[in-house]
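Working notes for the structure below.
The values are calculated or read from the model by the stated rules, or taken from the named source; none is laboratory data. Keep in mind that what you see is a predicted model, and the values were worked out from it rather than measured. Here the Cβ is made from the backbone with ideal geometry for all residues, glycine too, and neighbour counts use every protein chain on show.
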Amino acid sequence: MKEVTIKFTLNGRRAKVDVPSHWTLLRLLREKLGLTGTKEGCGIGECGACTVLLDGMPVNACLVLVPKIEGREVETIEGLGSRESLHPLQKSFIDHGAVQCGFCTPGILMSSRALLENNPHPSREEVKEAISGHLCRCTGYQQIIEAIEAVGRKA
Amino acid sequence: MRFALCPLRFNNMIIPPFDYKIPKALDEACRLLWQADGKAKIIAGGTDLVIGLRNGDLYPQSLIDITKIEELRKIEEKNGTVSIGAAVTHSEIASSPLLRKFGKILSEAASEIGSPQIRNLGTIGWNIINASPAADTIPPLMVLDAMAKVVSKEGEKEVPLGQLFKGAYQTSLKPYEILVQIKFQKPPSDMKSSFVRLARREAMAIARMSVAIALRMGQKKGLTEDIRISLGAVTPTPQRMSDVEAYLKGKYPDEELLKMASKKVSEAVIRRTGIRPSTSYKRPVVEALFIRAMRKALEE
């Protein structure tokens, strides 16, 4: 077992951690850093619940081994808006009833954030494509799509 | 039995310990791989590998991450040759203006792999080396007549892509060899192409069947001058449908001809795989998918 020191940017702040080199980013976030907003749904990169942004790109944190994030930017759901000041996406999700159990929500919010960063006014097809790596067992996706589209329209 | 080999069992998140090395240059990577004597694995995106580590399917002593090696990350066109580094991701291939222009069929195929998250990490190198019969980048590369550049401490070599595959999930690569680049000739500007894919879902689903077609209509009005066909997920290793290509060449591709050709396609597949329980389903579907791909290419 080898521990490595990883320096990276986490939600805009410089971070330095000592962590076993075989850990996934998901495990680092949840178990070492206490950032449990990112969820483990399947552990094999098929459900999207563990989605975080790596250099602005949505990735499955369960598939990223920690040495890979050296020198890179990681954004998690904890970095999206705040309790006092919700991100427009978060507000829209609430307004459109896009959150039921909430388990898939952090991942989908991260993918939507990346979508709107690159494409502020996405079409319905583009929204669907952006969330195509996410499973939701509760909502049936309709409200989620509408919530994201609504933010795209307002921007 | 496998579990006994994994030293750390914890909450289904077990991944066995290993050394993680990130070489900055190709010769360093080759050296590390050579020295590891079969006990190291190359990692790029890791979307398949990390799962293998978790399952206990793989237990290397070290991983060699090749994503920081500049030359493996480039998409270039020089003197009519398009080259793609093995560590280029599917997202990069899907969105590359260069490839959308000079390798459209590959770009389109790459854009349908997995999900956005998978495409942001997964690379063309692994898609090839893993040699899954259902790999999506391979049929397009077969119709583009791609060459694979392989490097090791022993030197470098370029082989036609099709020659890399020995069987399903088996390549002829030695443990100390690294696939570094894929290249193909810039297609002529009047080349039309299409890639169609059949899967259980619209996304995040392995291809059950795919067809890649590239063709050129000649000066002689409406006759096919050049045609390349390769199917995915229906044969253990990739191949070009050379008999069907020869059949279609020089002829006018009307519905009748396409229908005849589609029968030859399904016959060729069955000759290769033998009759299986799924054949009575797959035969008409292969034929229909082939015709769909032909129509799509012709309409371009």
Out of segment B:38-70, which residues are at the interface with chain A (Cβ under 8 Å from one of its Cβ atoms) and farther than 15 Å from B:ILE118 by Cα? B:LEU53, B:ARG54, B:LEU63, B:ASP65, B:THR67
Of all residues in segment B:249-300, count the ones that are within 28 Å of B:LYS220 (Cα to Cα) and among the aromatic types (Phe, Trp, Tyr). 2
Flagged pairs (Cβ under 7 angstrom, 6 or more apart or on separate chains; first in segment A:93-107, farther than 19 Å from A:THR38 by Cβ; second buried (at least 16 other Cβ atoms within 10 Å of the Cβ)) are A:HIS96/A:GLN143; A:HIS96/A:GLU146; A:HIS96/A:ALA147; A:HIS96/A:ALA150; A:GLY97/A:GLN143
Quick check on segment B:100-126: of everything there that is among the polar types (S, T, N, Q) and free of Cβ contacts under 8 Å to residues at least 24 places away in the same chain, which residue is nearest to the other protein chains (Cβ to nearest Cβ)? B:GLN117
Pick from segment B:60-81, criterion buried (at least 23 other Cβ atoms within 10 Å of the Cβ) and touching a residue at least 60 places away in the same chain (Cβ under 8 Å), ranking: nearest to B:VAL143 (Cα to Cα): B:LEU72
Scan A:ALA98, A:ALA61, A:ALA49, A:ALA114 and give me the residue that is more than 22 Å from B:ILE15 (Cβ to Cβ) and crowded, with 24+ Cβ neighbours inside 10 Å. A:ALA98
Among (1) of a type in the set (Ser, Thr, Tyr); (2) within 10 Å of another protein chain (Cβ to nearest Cβ); (3) more than 19 Å from B:PHE18 (Cβ to Cβ), the one test that A:SER21 misses: (3)
Could you grab me the full set of residues in segment A:9-27 that are in a loop (DSSP other than H, G, I, E, B) and touching a helix residue (DSSP H, G or I) at 6+ places or on another chain (Cβ under 6 Å)? A:ASN11, A:SER21, A:TRP23
Yes or no: segment B:48-67 includes at least one residue that is farther than 15 Å from B:ILE182 by Cβ, modelled with pLDDT under 90 and in a helix (DSSP H, G or I). yes
Would you check which residues across segment B:36-47 are touching a strand residue (DSSP E or B) at 6+ places or on another chain (Cβ under 9 Å) and either surrounded by fewer than 17 Cβ atoms within 10 Å (Cβ to Cβ) or assigned to a helix (DSSP H, G or I) (or both) and list them? B:ALA36, B:LYS39
Picking from A:GLU117, A:GLU149, which residue would you name as being touching a Pro at 6+ places or on another chain (Cβ under 9 Å) and in a helix (DSSP H, G or I)? A:GLU149
Any idea how many residues of segment A:28-41 are closer than 17 Å to B:THR47 by Cβ and either at the interface with chain B (Cβ under 10 Å from one of its Cβ atoms) or assigned to a helix (DSSP H, G or I) (or both)? 1
Considering segment B:247-278 alone, what residues qualify as being over 24 Å from the mean Cα position of the chain (by Cα) and of a type outside the set (D, E, K, R)? B:TYR247, B:LEU248, B:GLY250, B:TYR252, B:PRO253, B:LEU257, B:LEU258, B:MET260, B:ALA261, B:ILE275, B:PRO277
B:SER91 fails exactly one of (1) within 14 Å of chain A (Cβ to nearest Cβ); (2) at pLDDT below 95, namely (2)
Hey, could you check segment B:74-84 for residues that are farther than 11 Å from B:VAL180 by Cβ and not acidic (Asp, Glu) and say which is farthest from the chain's Cα centre (by Cα)? B:ASN79
Looking at segment A:49-107 only, could you name the residues that are within 19 Å of A:ASN118 (Cβ to Cβ), at the interface with chain B (Cβ under 10 Å from one of its Cβ atoms) and of a type in the set (A, V, I, L, M, F, W, C)? A:VAL52, A:LEU53, A:LEU54, A:MET57, A:VAL59
